[in-house]
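In what follows, a structure is listed as structure tokens, so that the remarks can point back to it.
The values are calculated or read from the model by the stated rules, or taken from the named source; none is laboratory data. Given the structure is predicted, the values throughout are model-derived calculations rather than measurements. Cβ coordinates were reconstructed from backbone atoms using ideal geometry, including for glycine residues, and neighbour counts include every protein chain displayed.
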Amino acid sequence: MVAHNASFDMGVLRSTLASHGCGHPTFQYFCSVSMAKKVWPGYPKYDLKSLCLRNGIPLVHHRAGNDAEATAQLVLRAMRARPFADVTSFLLDNGVKVGAFYADGHRTPGGKITPVLAVR
């Protein structure tokens, strides 16, 4: 999973699931802000709007579906800029750290990457 400013989104997801009595899925995630800083160093800003403008990606900002689609497009553009066979290789080679979300909590990015990520 990818999210722009992932630490915020993981907290919101955890709270939302808990407030509705839902179970917590297990997955790995990475932050597209961190990715962008590695792939495109030296940009003055790394907020979603600025990155989309710089990369020619349409954005209706602060609309969940549009923000998610724009974030996915940023990842795809970054991967085209530095082609790799898969997302795991791309993240490893660019030094992008991966976090984990699981029933008892979530680990912020910084742990080992296991090859379970996939672009769909």
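Only residues that are under 16 Å from residue 4 (Cα atoms) and either modelled with pLDDT under 70 or not hydrophobic (A, V, I, L, M, F, W, C) (or both): list them for segment 96-118, please. Reasoning before the result, please.
Step one: list which residues in segment 96-118 are under 16 Å from residue 4 (Cα atoms), which gives 96-101, 108-109.
97, 99, 108, 109, listed by residue number.
Given the structure, is residue 75 of a type outside the set (Lys, Arg), closer than 25 Å to residue 53 by Cβ and not in a loop (DSSP other than H, G, I, E, B)?
The answer is yes for residue 75.
Of everything in segment 80-94, what is out of contact with any Ser or Thr (no Cβ under 9 Å at 6 or more places or on another chain) and in contact (Cβ under 8 Å) with a residue 24 or more places away in the chain? Give them in sequence order. Show your work before the answer.
Applying the first criterion (out of contact with any Ser or Thr (no Cβ under 9 Å at 6 or more places or on another chain)) to segment 80-94 yields 80-87, 89-94.
Of everything in segment 80-94, those that are out of contact with any Ser or Thr (no Cβ under 9 Å at 6 or more places or on another chain) and in contact (Cβ under 8 Å) with a residue 24 or more places away in the chain turn out to be 81, 82, 86, 87, 91, 94.
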I'd like the full set of residues that are of a type in the set (Gly, Ala, Ser), touching a Phe, Trp or Tyr at 6+ places or on another chain (Cβ under 9 Å) and surrounded by fewer than 15 Cβ atoms within 10 Å (Cβ to Cβ), limited to segment 6-64.
50
Cross-chain or 6+ apart pairs with Cβ under 8 Å, segment 1-19 first and without any contact (Cβ under 8 Å) to a residue 40 or more places away in the chain, then part of a helix (DSSP H, G or I) and among the aromatic types (Phe, Trp, Tyr)
none
Count of segment 59-72 residues which are farther than 16 Å from residue 5 by Cα and assigned to a helix (DSSP H, G or I):
0
